[in-house]
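No value in this document is a laboratory result; all are computed from the given coordinates. Every value quoted in this text rests on a predicted model; they were computed, and no experiment measured them. Cβ sites come from the backbone with ideal geometry, for glycine too, and all protein chains shown count toward neighbours.
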Amino acid sequence: MEETLKQITHTNPNCLKVVLFGPESTGKSTLAEALSKHFNTVFVEEFSRSYAEQKKEDGEVLTKADVLPIAVGQMQLENERLKKANKILICDTDLLETLVYSKMYYNGFCPEPVKKYAEENTYDLYFLTYIDMPWEADGIRDQPHDRLQQFKTFEAALNHFKKPYVVVKGAFEERLSFCINQINELLNDTH
C-alpha cells in the first residue's frame with residue numbers, strides 16, 4: 001500500500017505542481033478550480049471531502065483508520081490527473097494537508113507511510129490560504145473556532161518540511177490574481 005502514496009513523476013516530468021493548502025473554509029477548492037480554468041488544465045479535487053460525505057451518508061464518522069485510505073485516494077487522484085495536465089497541475093490538497101488534519105483530529109496520530117510521503121512528494125509551490133475569508137458550515141467542516149491557531153499549524157508544517165510557499169490573502173479576485181502571477185513566474189523560470 002505504501003507505494004500508492006508515491007507521486008508518479010515519469011508520466012509528465014516537466015509539469016509544474018502547485019498545492020492549495022491551509023485550514024478549512026479558506027477558499028482552496030474555489031481557487032483551485034478557477035486556476036485550472038485560467039491555465040486550461042486539470043485540478044486534483046480534495047478526496048477527503050467525498051470520502052467524508054460518503055461516510056456521513058452511511059451514518060458513520062471518520063476515525064484514524066480512515067487516514068490511510070484518504071491519503072491513498074488523494075494520491076491516486078493526483079497521479080491520474082497528472083496524465084491529463086498540460087504544463088501545470090493544480091492540487092486542492094496533498095498528503096501534507098492529510099498529515100496536519102490527522103494530527104489535529106487524532107491527538108498527534110498519523111500513519112508512518114503518510115508522514116514519509118508527505119515529506120518525499122514534491123511540489124513547486126504551496127499557496128497557504130489565510131483565514132480572512134468567513135467560515136462557512138457545509139455539513140463536513142467542523143472547525144469554526146481557533147482559526148488563527150489552525151493557520152499557524154499549517155504554516156508550521158510547511159516550515160518543518162521545508163516546503164516552498166506563499167501566503168494568499170484578500171478577496172477572491174485578489175487571491176486569484178496573486179496566484180496567477182506566482183504561477184506565471186514559475187512557468188517563466190522553467191523556460
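Checking 89, 99 one by one, the residue that is closer than 20 Å to residue 186 by Cβ, touching a residue at least 40 places away in the same chain (Cβ under 8 Å) and touching a helix residue (DSSP H, G or I) at 6+ places or on another chain (Cβ under 6 Å) is 89 and no other. Can you tell me which residue in region 7-24 is surrounded by the fewest Cβ atoms within 10 Å (Cβ to Cβ), limited to those that are outside any loop (DSSP other than H, G, I, E, B) and of a type in the set (A, V, I, L, M, F, W, C)? My answer is 16.
The C-beta contact set for region 155-180 (first residue on the phi > 0 side of the Ramachandran plot, second residue aromatic (Phe, Trp, Tyr) and in a helix (DSSP H, G or I), distance under 8 angstrom, 6+ apart or interchain) comprises 170/178.
Of all residues in region 144-175, which are touching a strand residue (DSSP E or B) at 6+ places or on another chain (Cβ under 7 Å) and more than 16 Å from residue 119 (Cα to Cα)? Talk me through it step by step, then tell me what you get.
In the first step, residues of region 144-175 are kept if they are touching a strand residue (DSSP E or B) at 6+ places or on another chain (Cβ under 7 Å); the result is 154-155, 158, 163-168, 175.
166, 167, 168, 175, listed by residue number.
Residues of region 42-64 that are part of a helix (DSSP H, G or I), over 30 Å from residue 14 (Cα atoms) and among the polar types (S, T, N, Q): 54 alone. Only residues that are free of Cβ contacts under 8 Å to residues at least 24 places away in the same chain and either within 26 Å of residue 133 (Cα to Cα) or outside any helix (DSSP H, G or I) (or both) were counted in region 181-191, giving 4.
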